[in-house]
1. Determine, from the Cβ-Cβ distance of Lys134 and Val53 and an R0 of 45 Å, the FRET efficiency 1/(1 + (r/R0)^6), rounded to the nearest 0.05.
2. Please determine, in degrees from 0 to 90 and to the nearest 10, the orientation of helix 198-207 with respect to the longest principal axis defined by the Cα atoms of the chain, where the helix direction is its Cα long axis.
3. Under a crude label model (7 Å from the Cα following the beta-carbon direction), how far is Glu246 from Asp142 in nanometres?
4. Jot down the per residue volume, in cubic angstrom and as a whole number, of the convex hull over the alpha-carbon atoms of the chain.
5. From the phi angles alone, apply the Karplus equation (6.51, -1.76, 1.60; θ = phi - 60°) to the stretch 15-29 and give each ³J(HN,Hα) in whole Hz, x where the residue is Gly or Pro.
6. Leaving out ligands, DNA and RNA, what percent of the accessible area of the stretch 1-96 is carbon and sulfur, probe 1.4 Å?
7. Within the stretch 61-176, how many lysine pairs that are 8 or more places apart, or on different chains, have C-alpha atoms less than 15 Å apart?
8. What full-extension length gain, to one decimal in nm, is calculated for Gln263 and Lys94 as 0.36 nm per residue of separation minus the Cα-Cα distance?
Amino acid sequence: MTLIPSEASKPSSNFTSMLIMALPKIGKTQMLLDLPNSLHIDYQRGAESFGGVSVNMLSELEKLKQAHIPSGSDDDPPTLLTVLREIAMELREKKAKGEQYDFIILDPLTEFQRTALLLAEQKYYASNLPDKIKNITDIRMDLEWGKGYTFLELASIQIIEEFLTFPKHCLILVGHPKNQVVIKEGKEITVDDLDLENKVKGYIVQNVPVIGSLTRRRNNENWLSFKRGDNALYYGARPDHLHEKEFLISKMVDGKLETYWDQIFPFITKPKPKSK
């Protein structure tokens, strides 16, 4: 078997994961729900006002808790991890039937991390570490020498890599930025940072090939930028059609949202305008 290719390959415009960083209430959820054949996994009840295929994690958890109470079961009560595992099981079954979503959206990562913390705790108790703490409050704080952060990183990687296998085209992660002061050329500057624990953030920014910043301009327009400026630590994109570019991705026209996702995903076919 020959591993070395006989000729150079052509650049590809395809990518399997993307991170979009945006402030809350900017309109990212509504425009993401407009992606065709997409599943939105909502951690903040952000999709309730819009149409689209969305799973409200908090509402589904409440349903499971209500069903658990009258059962009198000795099993542990359901958690956000229980809900996410149910979703993953359904997605595996759909994939086995050839019924994949084109896009799956985890929104937002800051709240998703709560689920990863639950899995991190399970991983800790399943490990061979001696003298385990019986009641974990926060694994990041309760374990010495940063061990809790390592379990959180492993848990986050496990969930993200599993969900990467479900969509046909792309897993979209939504993150919130936070300000961070760094020293550049001897001067303090404020940059946009991703609001996640460092170990989890490090894995994401190293492995996600497309990272963009969503901003509001001219009141009714959202622009998605992959330009890496002085105030951006991570923004950028490897595919040539996105590299160092920015796009008008959505705007309100006569009270209706229009989106232009075909600029990011060229395989999306926009509907033809209706003839008058």
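1. After rounding to 0.05, the efficiency reads 0.65.
2. 40 degrees
3. 4.5 nm
4. 229 Å³
5. 8, 9, 8, 8, 10, 10, 9, 7, 5, x, 6, 9, x, 5, 5
6. It is 52 percent, rounded to a whole number.
7. Details: Lys94/Lys168; Lys95/Lys168; Lys97/Lys168; Lys123/Lys132; Lys123/Lys134; Lys123/Lys147; Lys132/Lys147.
Total qualifying Lys-Lys pairs in the stretch 61-176 comes to 7.
8. Using 0.36 nm per residue and subtracting the Cα-Cα distance, I get 58.0 nm.
The values are calculated or read from the model by the stated rules, or taken from the named source; none is laboratory data. Model, not experiment: these values are computed from the prediction. Don't worry about glycine lacking a Cβ; one is built from the backbone with ideal geometry, like all the others, and counts go over all protein chains shown. Note: accessible area is taken over every heavy atom of the protein model, side chains too, but ligands, DNA and RNA are not part of it. Shrake-Rupley method; radii C 1.70, N 1.55, O 1.52, S 1.80 Å.
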